Amino acid sequence: MAYQSPLLEAPGSVAPPEGNPEQGVPWHWGDPFAEQRTATRSVAVVDRSHREVLKVTGPERLSWLHLVISQHVTDLPEGGGTEALVLDSQGHIDTHMVLAHVGEAVYLDSDPGAQATSALPKGGPQSLREYLEAMKFWSKVEISDITGELAVLTLLGPEQDRILSTLDIALGADAYAVAAFDGGFARRMPWPGRASVDLFVPRADLAGWWRRITDAGARPAGSWAFDALRVESLRPRLGVDTDTRSIPHEVGWIGSAAHVAKGCYRGQETVSKVFNVGRPPRRMVLLHLDGSPEIYPETGDAVRLGERVVGRVGSVAQHHELGPVALALLKRSAPVDAELLAGDEDRVVQAAVDPDSVPAEGAAPGREAAARLRG
């Protein structure tokens, strides 16, 4: 049965439309643009309890993870975190996850339905946990799915530390800093927006934590607001802004989620080769969409230059300041100063690449470009 957050039953909560990837959590709470403004000027809280959470324990948890994911984690300190990927043998992205090392355990959280599709020669879809279990061999680690125990709530906005203080949570200022509290832990993230904080709270008391946070002054916000700020921050969502051919270099996950200097993980040869050459076949950019027809392209639609297909549409969002925008993967040969068309069938609109979102040659879209977009 598909997950449904108890907060969908709360007054004012609006569920996402069919086909939206954020099924199971509130889409907005009545005024999505006001929610975005609050998330950039004050503080808002978003229900992200549909995320899946794995826990890895054991004395070899870091050395073993170092061998099976794309990130360098042998020296990941207690109270630290990072992002990582699982790649296939050709370097294509299977799974994106965020890590937190706290209480002698590493927590891996991912979008719902995370898979490592080509982990074994037997073939067939595999969940992230199944892939990790298959790679244990004789390592001294234990892997458990604790999605039923912990749920994620995310604080957005410059006043997030005020909420943490009210909750008696002391969290460092560095990106990916992690701190435990009674029943869960907090992790600071460098996105969306300028920063956010993920709170991992007991799932059995999700509604209670939501009340505590909103009573402390955080405005309820939905996945609409989170995604709009994520798009502005040039941060991809797996399966939306990526396809089966996507490699980390195209979407800004080199460095932040994939380490280029360590070996011994599947797909590493592609990561290293493309990084050294500096020319991935596509690049992720921000498109400004013409909103006057009040129609919008959908994820997976084509981006065209005249009659020629030069890319694909990823996340589409309505931003409180930028208007209708989308992330798109464009062929490297596509001119970024040309008038483009985004969409298929009866939802084709004019689109223009935001020049500040275009990565420099040999680089990938990242924090610096996102900062320029925010002015």
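Comparing K136, K55, K331, which has the greatest mean-square fluctuation in the GNM of the chain with Cα pairs linked when under 10 Å apart? Judging by the Gaussian network model, the answer is K136.
Across q = 0.14, 0.18, 0.20, 0.31 Å⁻¹, the stretch 158-207 modelled as identical point scatterers on its alpha-carbon atoms has Debye log10 I(q)/I(0) values of -0.33, -0.54, -0.66, -1.29, in the order of the q list.
Of the residues P280, P293, Q268, the one whose Cα sits farthest towards the positive end of the charge dipole of the stretch 265-343 is Q268 (charges of +1 on Lys and Arg Cβ, -1 on Asp and Glu Cβ, taken about the Cα centre). Considering all C-alpha pairs of the stretch 42-168, those separated by over 21 Å amount to 44%.
With kT/(6 pi eta Rh) evaluated at 4 °C and eta = 1.567 mPa s, and Rh the Kirkwood radius from Cα pairs, the stretch 191-262 diffuses with a coefficient of 87 µm²/s according to Stokes-Einstein.
Per Stokes-Einstein, at 10 °C and 1.306 mPa s, what whole-number D in µm² s⁻¹ belongs to the stretch 145-270, with the Kirkwood radius over Cα pairs as the hydrodynamic radius? The calculation lands on 97 µm²/s.
Report summary: the helix-based calculation at 222 nm, which adds -39500 (n - 2.57) for every DSSP H run with n ≥ 4 and divides by the residues of the chain, gives -5000 deg cm²/dmol. Specify which residue in the list A170, G193, I93 is farthest towards the positive end of the charge dipole of the chain, using unit charges on the beta carbon of Lys, Arg (+1) and Asp, Glu (-1), about the Cα centre. In the chain, that residue is I93. Taking a straight line from the alpha carbon of K55, these lysines sit under 26 Å away, with near neighbours fewer than eight places off in the same chain left out: K122, K136, K140, K262.
Could you work out the percent of alpha carbon pairs in the stretch 119-198 separated by over 22 Å, rounded to a whole number?
On the way: 1468 of 3160 pairs.
When all Cα pairs of the stretch 119-198 are counted, 46 percent exceed 22 Å.
Residue order by solvent-accessible surface for R219, R203 is R219, R203, largest first, with ligands and nucleic acids left out and a 1.4 Å probe.
Counting only Cβ charges, +1 for Lys and Arg and -1 for Asp and Glu, the dipole size of the stretch 183-262 around its Cα centre is about 240 debye. Label positions at K273 and T74, each projected 7 Å from the Cα along the C-beta direction, are separated by 2.5 nm. Note on exposure: M1, M135 ranked by accessible area (1.4 Å probe, complete protein assembly) read M1, M135, with the most exposed listed first.
If the segment from S144 to A216 were pulled out straight at 0.36 nm per residue, it would be longer than the present Cα-Cα gap by 22.6 nm.
So, with +1 on the Cβ of K and R and -1 on the Cβ of D and E, and no other charges, what is the size of the charge dipole of the chain about its Cα centre, to the nearest 20 debye?
Working: 37 positive and 50 negative charges, 175 e Å.
For the chain, the charge dipole is close to 840 debye.
Of all the accessible heavy-atom surface of the chain, with the other protein chains kept in place and a 1.4 Å probe, what percent is carbon and sulfur? Let's see the in-between values first.
On the way: 7920 of 15750 Å².
The nonpolar share, carbon plus sulfur, comes to 50 percent.
As an exercise, use a Förster radius of 35 Å and the Cβ-Cβ distance of E18 and Q90 to find the FRET efficiency, rounded to the nearest 0.05.
On the way: r = 33 Å, r/R0 = 0.95.
Efficiency for this residue pair is about 0.60.
Using alpha carbons only, the radius of gyration of the chain set against its Kirkwood radius gives Rg/Rh = 0.95. All C-alpha to C-alpha distances of the stretch 16-70, sorted into 5 Å bins beginning at zero, yield P(r) values of 4, 14, 15, 15, 11, 9, 11, 13, 7, 1 percent in whole numbers.
Solvent-accessible area per residue for the chain at a 1.4 Å probe radius, Å²? Could the numbers behind the result be given before it?
Numbers: 15750 Å² over 375 residues.
I get 42 Å² per residue for this part.
The values are calculated or read from the model by the stated rules, or taken from the named source; none is laboratory data. No experiment lies behind these values; they were computed from the predicted model shown. Virtual Cβ from ideal backbone geometry, glycine too; neighbours counted across all protein chains shown. All accessible areas refer to the heavy atoms of the entire protein, side chains included, with ligands and DNA or RNA removed. Shrake-Rupley method; radii C 1.70, N 1.55, O 1.52, S 1.80 Å.
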